[in-house]
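**Q** I'd like to ask you about the structure that follows.
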Amino acid sequence: MGGWLVLPDLPQAPRVVPGWRCVAAHPSGRPWLVGSLDHGELSLAAVGSLRVGVIGSCPFAPTRLAELVAGVGSVTELDALAAVLPGCWHLVACLDGAVRVQGSLSGLRRVFHTQVAGIPVAGDRADVLAKMAGAGIDEQTLAVRVACGPHVPPPVGERGFWRGVHAVTPDHYVRIDPDGRAGERRWWRPPAPRLPLRAGADRVRAALQTAVATRVGVPERVSADLSGGLDSTSLCFLAAQAGRGDLLSFRWAEAGTANDDAHFAKHAARALPQAEHVVLAQERMPATFADPGATGDREAPFLFTRTLARIRHNSEFLAARGARHHMAGHGGDELFHSPPAYLHSLLRRQPLTAIRHVRGYRALGRWSWAATVAGLVRGGDVGAWWHQQARHLGAGPLPRRSPDLGWGHPLRAPGWVTPAALEITRAVLRATGDTAQPLAGDRGQHLNVAILRIMGPHYRQLCRVYATAGLRLELPYFDDRVVEAALAVRAEERRTPWRYKPLLAEAMRPVLPEVIAARATKGELSEDARVGFRRHLPEILEVFADSALAAHGLIDPDMLRRELLAPQADNTVRHALEDLLGCETWLRATLSPPSQERTNAAAVAP
């Protein structure tokens with residue numbers, strides 16, 4: 001995903017982007033869309049004075065786009081186009097001096113806007129806009145990330161890391177009026193979850209077939225993850241169904257012997273004889289936590305630091321074998337395996353069904369009756385939930401085996417977070433609680449949407465890592481039409497305690513071998529994390545020996561060192577460390593000397 005900008009049709013607008021390449025112009029001839037776009041990533045249509053561009057994975061050619069927007073009288077009327085476009089894309093448009101820019105519902109494709117010399121400018125890179133506007137980092141947002149981690153729900157988790165650079169809410173678009181005023185307008189609301197499982201499965205399968213066919217119908221070679229899990233394996237078989245017989249499937253061998261992914265991956269590979277299958281052994285890849293001081297992304301802290309070196313190595317490996325597009329199953333967990341918060345609403349609609357589900361989850365998770373009843377009867381709106389998180393932020397780890405039935409997963413700060421960072425974060429959470437609104441009509445659907453929007457931006461940064469190797473990372477589960485199809489299914493049928501991802505399994509049953517569709521387990525990678533952490537602990541400690549986060553008063557380096565050197569009963573500390581490394585390396589990159597700043601910025605400039 002390259003850096004690009006959208007400008008209003010104002011006489012002074014071209015002055016803020018000297019040297020940028022004009023990709024498309026307003027009818028007046030002034031630059032409208034400028035920057036760097038990959039070959040084949042833009043589909044552009046013009047109908048009279050209307051200009052519409054779709055940037056990303058979309059099968060609609062300019063002629064089809066022109067047909068769909070014929071008769072559109074304002075950029076507001078493009079809601080209808082946004083509701084039918086398949087794929088994953090940014091939508092940009094201009095008409096009669098008004099400009100519209102929007103991204104995807106999951107946040108996988110984001111939009112930002114700011115003022116540059118008094119001119120409103122929108123684009124897909126917050127760091128690029130910040131550099132243009134001379135904006136510094138938002139210390140408050142950084143404190144929240146350090147204290148709460150990477151999985152903070154919207155709207156707090158969608159705050160930008162640069163002062164004055166605004167992140168557009170994924171279900172909104174930014175509109176710039178002819179007089180230069182910019183504002184956000186909502187265009188989408190999640191569907192009511194009313195479809196029964198069988199009808200919903202048909203709809204999900206159709207949406208995924210379109211999503212995969214869009215990606216594999218390219219002349220360049222396509223590779224795809226084939227872990228043996230339901231998510232990635234489904235995409236491989238859909239690619240074969242779409243006629244991509246020369247698929248290059250890829251997986252890495254796990255360190256843990258208890259992981260049964262290999263067993264199912266072998267079954268899948270035998271059923272895909274035309275594809276080339278590659279398995280990379282552990283010793284041929286960097287261990288987890290290798291090169292812990294590396295910067296993953298300059299726009300915001302990078303989440304996947306534990307596997308960054310491995311991802312870079314493997315993407316280069318695939319590119320060397322001729323792949324130019326790589327398809328992965330990220331998003332499948334978020335879409336089809338969300339927490340059972342739907343039980344709260346189900347108990348009030350269908351109490352007998354809810355009680356059956358509760359008993360099943362209690363048996364699986366060994367929930368206590370006291371904690372389960374408390375979670376089910378606890379009232380309060382989403383604002384009250386935010387206030388509760390502020391009160392309990394520093395309360396220490398959550399009790400094990402506690403049910404997750406609230407408006408979001410409870411937020412708890414690691415022990416190395418300073419009192420100052422905690423106070424900053426509590427103030428943000430309390431202020432959010434005063435104005436927060438649910439993302440959907442009930443708690444379960446709210447949480448489904450929130451989880452997608454939490455993870456979409458993280459995978460967006462992952463796409464850039466692949467792009468540096470010349471690979472375009474394709475994530476069909478985050479397509480808007482796939483998201484809508486899944487969210488339209490009844491919550492109590494989309495997930496149950498008795499089946500693993502029942503909606504996806506039913507959708508893929510006509511496509512997958514039965515042994516894969518019936519799989520009831522998920523591969524577990526804690527051994528990979530444990531081995532890499534132990535091997536690279538000295539380097540990790542060295543990263544924090546002169547910590548930028550500590551210099552900003554956000555972490556206590558002595559407490560961090562004690563926790564890292566202590567025996568690790570589980571992966572809790574390692575998971576928190578993974579994001580902390582992302583915050584540390586990002587902050588260091590933003591504070592780098594001017595010469596280094598120029599060198600790094602060149603990677604994102606057009």
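The values are calculated or read from the model by the stated rules, or taken from the named source; none is laboratory data. Remember, it's a predicted structure, so these values are computed and weren't measured experimentally. So basically every Cβ, Gly included, is an ideal-geometry build from the backbone, and we count neighbours across all protein chains shown. All accessible areas refer to the heavy atoms of the entire protein, side chains included, with ligands and DNA or RNA removed. Shrake-Rupley method; radii C 1.70, N 1.55, O 1.52, S 1.80 Å.
**Q** How high is the relative contact order of region 31-104, in percent, with contacts defined as C-alpha pairs under 8 Å that are six or more residues apart?
**A** It rounds to 30 percent for region 31-104.
**Q** Still on this structure, please answer the following. Take every Cα-Cα distance within region 187-255, group them into 5 Å bins from 0 onward, and report for each bin the whole-number percent of pairs it holds.
**A** All Cα pairs, binned at 5 Å, distribute as 3, 14, 21, 19, 15, 11, 10, 6, 1, 0 percent.
**Q** Hey, another quick one. Kirkwood hydrodynamic radius, region 338-425, all distinct C-alpha pairs: what's the number in Å?
**A** 14.3 Å
**Q** Can you list residues whose amide H is under 5 Å from Gly160's amide H, if they're 5+ apart or on another chain and H is modeled 1.01 Å from N?
**A** Ala167
**Q** Of all the accessible heavy-atom surface of region 405-446, with the other protein chains kept in place and a 1.4 Å probe, what percent is carbon and sulfur?
**A** Percent of accessible area from carbon and sulfur atoms in region 405-446: 58.
**Q** Given the C-alpha atoms of the chain, compute the convex hull and give its volume per residue in Å³.
**A** Convex hull of Cα atoms, per residue: 151 Å³.
**Q** Separate question: Compute the normalised compactness of region 51-123: alpha-carbon radius of gyration over 2.2 N^0.38 Å, N being the residue count.
**A** Region 51-123 yields a ratio of 1.13.
**Q** Taking every pair of alpha-carbon atoms in region 1-153, what share in percent sits in each 5 Å bin, from 0 to the bin with the longest distance?
**A** 2, 9, 18, 20, 19, 14, 9, 6, 3, 1, 0
**Q** Leaving out ligands, DNA and RNA, and with a 1.4 Å probe, what % of the accessible surface on region 180-228 is carbon or sulfur?
**A** That share works out to 47 percent.
**Q** Now for a different question. Would you be so kind as to identify which of Phe112, Tyr466, Gln388 lies farthest towards the positive end of the dipole of the chain, taking Lys and Arg as +1 and Asp and Glu as -1 on Cβ and the Cα centre as origin?
**A** Farthest towards the positive pole: Gln388.
**Q** Right, something else. Along the charge dipole of the chain, pointing to its positive end and built from +1/-1 on Cβ of Lys, Arg, Asp and Glu, which listed residue (Phe533, Ala551, Leu226) has its Cα farthest out?
**A** Result: Leu226, furthest along the dipole toward the positive end.
**Q** So, with a 1.4 angstrom probe, what is the percent of accessible area on region 304-359 that is carbon and sulfur?
**A** 54 percent
**Q** Please report the antiparallel percentage of the DSSP beta bridges confined to the chain, to the nearest 5.
**A** Antiparallel bridges: around 75 percent, rounded to the nearest 5.
**Q** Can you give me the long-range amide H partners of Arg472? Hydrogens built in the peptide plane at 1.01 Å from N, cutoff under 5 Å, separation of 5 or more residues or another chain.
**A** Placed amide hydrogens put His325, His326 under 5 Å from Arg472.
**Q** Give me the aspartates and glutamates in straight-line cross-link reach of Lys131: C-alpha distance below 16 Å, same-chain residues under 8 apart excluded.
**A** Asp297, Glu299, Glu597
**Q** Might you report the magnitude of the Cβ-based charge dipole of the chain about its Cα centre, with Lys and Arg at +1 and Asp and Glu at -1, to the nearest 20 debye?
**A** Using only the charged Cβ atoms, the result is roughly 1200 debye.
**Q** Where does region 538-592 land on Rg/Rh, using Cα atoms and the Kirkwood Rh?
**A** 0.96
**Q** So what is the calculated 222 nm ellipticity per residue for the chain, using -39500 (n - 2.57) for each DSSP H run with n of 4 or more, over all residues, to the nearest 500 deg cm²/dmol?
**A** -12500 deg cm²/dmol
**Q** Taking only C-alpha pairs under 8 Å that are 6+ residues apart, what is the relative contact order of the chain in percent?
**A** Relative contact order comes out at 19 percent.
**Q** At 7 Å along the Cα-to-beta-carbon direction for both Glu139 and Glu423, put a label point, then send me their distance in nm to one decimal.
**A** Reported label-point gap for Glu139 and Glu423 is 1.3 nm.
**Q** Return one quarter of the surface area of the convex hull spanned by the alpha-carbon atoms of region 140-193, equal to its mean projected area, in nm².
**A** For region 140-193, the mean projected area of the Cα convex hull comes to 5.1 nm².
**Q** At q = 0.15 Å⁻¹, what log₁₀ I(q)/I(0) does a Debye calculation on the Cα points of region 487-593 give, no solvent, two decimals?
**A** Result of the Debye calculation: -0.76.
**Q** Also, quick follow-up: Students often check this: by mean Cβ neighbours within 10 Å, which of 568-578, 413-423 ranks highest, and how do the rest follow?
**A** Listed from highest to lowest mean packing, they are 413-423, 568-578.
**Q** With θ set to phi - 60°, apply the Karplus curve 6.51 cos²θ - 1.76 cosθ + 1.60 along region 557-563 and write out the HN-Hα couplings as whole Hz, x wherever there is a Gly or Pro.
**A** Using θ = phi - 60°, the values come out as x, 5, 5, 4, 4, 4, 5 Hz.
**Q** Tell me which lysines have Cα within less than 19 Å of Lys266's Cα, excluding those fewer than 8 residues away on the same chain?
**A** Reachable lysines: Lys522.
**Q** Can you tell me the accessible area per residue over the chain, all protein chains present, probe 1.4 angstrom, in square angstrom?
**A** Result: 39 Å² of accessible area for each residue.
**Q** Show me the three semi-axes of the equivalent ellipsoid for region 191-334, from the C-alpha gyration tensor (sqrt of 5 times each eigenvalue), largest first, rounded to whole Å.
**A** They are 27, 20, 17 Å, listed from largest to smallest.
**Q** Over region 438-514, how many percent of alpha carbon pairs lie in each 5 Å bin up to the one with the longest distance?
**A** 3, 12, 18, 20, 18, 14, 10, 4, 1
**Q** Over the Cα atoms, compute the radius of gyration (one decimal) and Dmax (the largest Cα-Cα distance, rounded to a whole number) for region 80-229, in Å.
**A** 18.7, 55
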